[in-house]
Amino acid sequence: MTVTLSPVTAERFPAWLRRTRAEYEADLVATGETPEEARRQARASTDHAFPDDVPTPGHAVFDLITDEGTVAGYLWLGHDTSGDSRSWWVWDVFVEPEQRGRGVGRAAMRLAEEYARDAGAQTLGLSVFGFNEAARGLYESLGYEVTSVKMRKRL
C-alpha cells in the first residue's frame with residue numbers, strides 16, 4: 001500500500017479539528033472517563049497546539065492518501081512538550097475503519113518518522129491507549145519502546 005501525506009488545508013482544518021476532538025473523546029470514554037470529562041480533556045489537548053482553533057507553526061496535520069486517491073485517515077505531529085526541538089510527537093494518527101489491515105497505519109508511521117527526521121527530530125514519541133492492541137503491536141513492530149505505563153482499576 002502506497003500512502004502519501006497531503007496537508008490539511010486551512011479551509012478543511014476546522015472540520016479536522018472537530019473530528020480529532022470527537023475521536024479522542026470517544027477513546028477517553030472507552031477508558032472510563034465521563035463524557036463531560038472526556039470533552040474537557042479533548043478540548044484541552046488541542047488548545048495547547050491550536051489556541052485559536054487554527055493551524056499553528058510547529059504542528060503538521062495531514063490527510064493520509066492511498067495510491068487509489070482515497071483519504072484513508074489523518075496524521076498530526078509536531079514538537080513534544082519537553083521544549084527540546086529535537087523531540088517530536090505523534091499527537092494523533094487515525095486510520096479509517098474500512099482502511100485498516102491494509103498497511104496504511106504502518107505507512108503513516110514511516111512517513112511521520114521521515115517528516116520529523118527531515119525537520120531535525122532525533123526522537124519521535126506517541127501515546128497509545130491500552131485497549132488499542134492493534135496499534136500497540138504496530139508501534140512495537142516499528143521499534144517503538146514503552147517508556148511509561150498508566151494503570152487504573154474500576155472500583
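The values are calculated or read from the model by the stated rules, or taken from the named source; none is laboratory data. Just so it is clear, the model here is predicted, and its values are computed rather than measured. We place every Cβ from the backbone using ideal geometry, glycine too, and count neighbours over all the protein chains shown. For accessibility, only protein heavy atoms count, side chains too; no ligands or nucleic acids. Shrake-Rupley method; radii C 1.70, N 1.55, O 1.52, S 1.80 Å.
Scan (1) 47, 36, 35; (2) 56, 35, 28; (3) 63, 33, 30 for the value of Cα extents along the principal axes in Å calculated from this model and give just the label.
(1)
Take each uninterrupted DSSP H stretch in the chain, measure its Cα extent along the helix axis, and return the ones at 27 Å or beyond whose mean Kyte-Doolittle hydropathy is at least 1.0. Write down the numbers at each step before the final one.
Numbers: long enough: none.
Correct list, ordered by number: empty.
Got a number for carbon plus sulfur as a percent of the chain's accessible area, 1.4 Å probe? Could you put the intermediate results ahead of the total?
On the way: 4780 of 9410 Å².
Of all accessible area on the chain, carbon and sulfur atoms account for 51 percent.
Find how much the distance from residue 141 to residue 114 grows on full extension, using 0.36 nm per residue of separation minus their present alpha carbon separation; answer in nm with one decimal.
Full extension of this stretch gives 8.0 nm more.
Place +1 on the Cβ of every Lys and Arg and -1 on the Cβ of every Asp and Glu in the chain, take the dipole about the Cα centre, and give the residue among 107, 148, 16 whose Cα lies farthest towards its positive end.
148
Test of understanding: in a Gaussian network model of the chain with alpha carbons linked when under 10 Å, which of 105, 125, 137 would top the mean-square fluctuation ranking?
137
Only Cα pairs under 8 Å and at least 6 apart count here; give the relative contact order of the stretch 10-155 as a rounded whole percent. Kindly include the intermediate steps, with their values, before the conclusion.
Working: 149 pairs, mean separation 22.3, N = 146.
Here the relative contact order equals 15 percent.
Using only Cα positions of the stretch 46-103, each an equal point scatterer, no hydration layer, compute I(q)/I(0) via Debye at q = 0.13 Å⁻¹ and quote the log10 values to two decimals.
With one equal scatterer per Cα and no solvent, log10 I(q)/I(0) is -0.42.
Using mean Cβ contacts within 10 Å as the protection proxy, how do 17-23, 46-52, 30-36 order, highest first? Don't skip to the end; give the middle numbers.
Details: 17-23: 15.7, 46-52: 13.4, 30-36: 11.4.
Descending packing order for the listed peptides: 17-23, 46-52, 30-36.
How do the peptides 2-10, 85-93, 141-149 rank, highest first, by the average count of neighbouring beta carbon atoms within 10 Å per residue?
Working: 2-10: 14.6, 85-93: 19.8, 141-149: 9.1.
Output ranking for 2-10, 85-93, 141-149: 85-93, 2-10, 141-149.
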